[in-house]
Amino acid sequence: MQITSQTFKANTVKALADVDLQRALRHVEKGFIGKRQKAADALPEFEALRDSAMAIKQHTLKHLDLYIDAYVEKVEASGGKVHFAEDADHARRIFLDIARRRKAKTVTKGKTMISEEIGLNKFLEQNGITPVETDLGEYIIQLRDEHPSHIIAPAVHINRDQVEADFRKFHVDLDPERDLTKPETLLSEARQILRQKYGEADIGVTGANFLIAETGTSVIVTNEGNGDLTQLLGKCHVVLASLEKIVPTLEDTAQILRVLARSATGQEMSVYTTLSTGPKRAEDRDGPEEYHVILLDNGRSNMLGTEFEDMLRCIRCGACMNHCPVYHAVGGHSYGWVYPGPMGAVLTPSLIGVDKAGHLPNASTFCGRCEAVCPMRIPLPKMMRHWREKEFESHLQPTAARFGLGVWAFFARRPKLYRSAVSFAMPALKLLGGRKRRLRSLPLAGGWTKWRDLPAPEGRTFMQAYAQSGHADGGRS
Amino acid sequence: MSGSTRDAVMGRIRRAVGATPDDSERREAVAARLAGSPKGVIPKRGQLAPAERLALFVDMARKADATVVEIPDYAAIPDEIATYLRERNLPAEIKMGDDPRLAGIDFSETALSVAKGPSDGDDLSSLSHAEGAIAESGTLMLTSGPDNPTSLNFLPEYHFVVLKAEDVAGDMESLFAGLRERFGKGVMPRSVNFVTGPSRSADIEQTLLLGAHGPRRLHILVVG
Ligand code: SF4
């Protein structure tokens, strides 16, 4: 896909002026934050499970070579095949080889971010193969010729009435007078249309939430059941996964599953957790004839052993963006590539280069909420700071710092937004300030606080303090 | 597989993790974990005596929008399904696999017509037998094979699942131990499906709707 991370600032300006987008983004906070909190509170062991999940991934990354070897051996023992892909281009070529050999015309797809990362859909179309997205959100995005704006809620930037308009435009065989005012009817219509596609598919593509070394198993986690139908009914199942998806054992998978759904959607468990191992067995009455895994590196092995290794623990739950005031304000597309929000701000420069994505690590109020909710305890703010240091080393700092101030100024000019962003930030800033209550660098104002210390906030914003001191107006924008 | 790519990728990983030619310590750590499958943190919630465990399962499954009935024995299955379908004005037809546990059931007393095999997508209702369940989360576990073809779990709109009360475990880890016992260490059936409630989507304005691509309703029949 076209990378627009370089123009992050312009993207955000556009996003803030986009009325439909702003309307849709309200659902992010409403939809996710309270649910996650409730699910976390309902399980006394939640924090201990976060520690456990983090330790599993740390151990795996330290022994990744050995676990990959064990995994490949098991996939082959169950009749599947693993293909190592160096980069996006290589992964696409491997896929095309499989598709050509199977004379594939149609490919159904469960939700996979790796497919976005390697730009699979456009490539397939260029090669005369039709990709069909089956996740409702991804399907809507595909009709609109857009990209996902969220890693677990791809169409979160679109409103119901826009979906209705798209369905009327593309589903021309259906009665133009039909009632599509309810989300239920939109869902049934998509279900009905996609139903026909599963069985026609020559290949079913899915991502993987986990690859289990002990058994050579790929795991997908869905609520709709579309990924499951995709991999079950396609004649050939191709799994697209990056190498950090490896976990050692079934038990390790169970640990991480307990924090995944809770952090993502606030569910105890997602509806479907499906473990697939190899192709259809001799006695099976259904299932794919072939099973392939395309194991993508695309820059990840270069993150191992560096200060960015922690990012490889990410399980793509989306909690960091769900809790990010910058994401709430500008949405996912502003980030300009596949991965938005705090995790994208760290991962994107690692994968496509700091020269192309150097602005992203500035897209933060450094409020610390992302790290506080990340189930894998990834120190996202610290890593964004690492990137800014790298920018400095490569002489990219001045623009970036100016830009940081620009975002700050932007929020400052919009008091209501600023207050919501900063009231999250206050407790974190207070912590950062430590006992001396002086901040050496204020996020987004790096160029300025570099030269002077700011007094650390007292844990309340000025507006809150002002309101509480008797100025009733203080809270109104 | 492109051998040279594997070598290149693995070479970079080995350098990054500080692998050495001998590496006995790291190898032993990995072998021990794969062999021992250590359990991590098991939430207390599901660690209960059988009766309470079953009650927790029923409660959690209902919270996930499944419906659950407890029936005394397999012989009560046809009537339960027939009544469910009749009450909703649905056709008295059901598709099922060759599970031997369901083989002796006499459907002839009811109006139900039963077809065998995987679903071709035209079946409105299906019947499966679960291999186990997780009380902690209200989750069913089904495994692929001719007994219970996987398509029956996903294509029909109404999915009936039989579960033996004694197969309800406290946690997912216990079910994995059971799979190992049945299939062997490191060996898995083609597909293991953990199912928690009927399918749903929140992709339109984050409004949760039941019945996406999978079943709209999940009805669990707990036997015994
Ligand atoms: S960085 Fe953490 S919170 Fe964000 S998607 Fe990854 S695991 Fe989830």
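Before moving on, here are some points about what is shown:
- Any hit, segment A:203-217, residues being buried (at least 19 other Cβ atoms within 10 Å of the Cβ), farther than 22 Å from A:Val338 by Cα and among the aromatic types (Phe, Trp, Tyr): no
- Residues in segment A:113-157 that are surrounded by 23 or more Cβ atoms within 10 Å (Cβ to Cβ) and either among the small types (Gly, Ala, Ser) or assigned by TED's automatic domain parsing to the domain that holds A:His323 (or both): A:Ser115, A:Gly137, A:Ser149, A:Ala153, A:Ala155.
- Among (1) under 20 Å from A:Ala88 (Cα atoms); (2) more than 14 Å from chain B (Cβ to nearest Cβ); (3) within 16 Å of the ligand (Cβ to nearest atom) - the single one A:Gly341 does not satisfy: (1)
- Selection within segment B:66-84 - surrounded by fewer than 20 Cβ atoms within 10 Å (Cβ to Cβ) and either in contact with a Ser or Thr (Cβ under 9 Å, 6 or more places away or on another chain) or part of a helix (DSSP H, G or I) (or both): B:Tyr74, B:Ala75, B:Ala76, B:Asp79, B:Glu80, B:Ala82, B:Thr83, B:Tyr84
- Test: residue in segment B:100-114 that is within 14 Å of chain A (Cβ to nearest Cβ) and assigned to a strand (DSSP E or B): no
- Only one of the numbered conditions (1) of a type in the set (A, V, I, L, M, F, W, C); (2) more than 23 Å from A:Ala319 (Cα to Cα); (3) in the same structural domain as A:Thr108 (by TED's automatic domain parsing) is violated by A:Phe167, and that is (3).
- Of all residues in segment A:282-295, those being at pLDDT 95 or above and within 7 Å of chain B (Cβ to nearest Cβ) number 0.
- The residue of segment A:306-317 that is farthest from the ligand (Cβ to nearest atom), among those that are modelled with pLDDT of 95 or more and within 14 Å of chain B (Cβ to nearest Cβ), is A:Glu309.
- Residue match in segment B:84-100 (condition: modelled with pLDDT of 95 or more and polar (S, T, N, Q)): yes
- Residue match in segment B:10-32 (condition: without any contact (Cβ under 8 Å) to a residue 12 or more places away in the chain, touching a Gly at 6+ places or on another chain (Cβ under 9 Å) and more than 7 Å from every other protein chain (Cβ to nearest Cβ)): yes
- Residue that is surrounded by the fewest Cβ atoms within 10 Å (Cβ to Cβ) [pool: residues in segment A:76-106 that are more than 19 Å from A:Gly278 (Cα to Cα) and touching a strand residue (DSSP E or B) at 6+ places or on another chain (Cβ under 6 Å)]: A:Thr106
- Those strands (runs of 3 or more DSSP E) lying entirely in segment B:115-224 with at least 2 residues more than 9 Å from chain A (Cβ to nearest Cβ): B:125-129, B:132-134, B:139-143, B:158-164, B:217-223
- Of the listed requirements (1) more than 7 Å from chain B (Cβ to nearest Cβ); (2) in contact with a strand residue (DSSP E or B) (Cβ under 9 Å, 6 or more places away or on another chain); (3) at pLDDT below 95; (4) under 30 Å from A:Gly353 (Cα atoms), A:Gln22 misses just one: (2).
- Residue check: A:Pro361 meets all listed conditions (1) more than 15 Å from the ligand (Cβ to nearest atom); (2) more than 27 Å from A:Arg262 (Cβ to Cβ) but one, namely (1).
- Picking from residues in segment A:342-357 that are assigned to a helix (DSSP H, G or I), without any contact (Cβ under 8 Å) to a residue 60 or more places away in the chain and among the small types (Gly, Ala, Ser), the one that is nearest to A:Phe8 (Cα to Cα) is A:Ala345.
- Selection status of B:Asp120, under 21 Å from A:Ser276 (Cα atoms) and surrounded by fewer than 24 Cβ atoms within 10 Å (Cβ to Cβ): yes
- Some residue of segment A:280-293 being crowded, with 21+ Cβ neighbours inside 10 Å, touching an Asp or Glu at 6+ places or on another chain (Cβ under 9 Å) and not in a loop (DSSP other than H, G, I, E, B): no
- Evaluating A:Arg377 against the criteria (1) near the ligand (Cβ under 10 Å from one of its atoms); (2) assigned to a helix (DSSP H, G or I) leaves one unmet condition, (2).
The values are calculated or read from the model by the stated rules, or taken from the named source; none is laboratory data. Keep in mind it's a predicted model, so treat the numbers as computed, not measured. Counting neighbours? That spans all protein chains shown, and the Cβs are built from the backbone with ideal geometry, glycine included.
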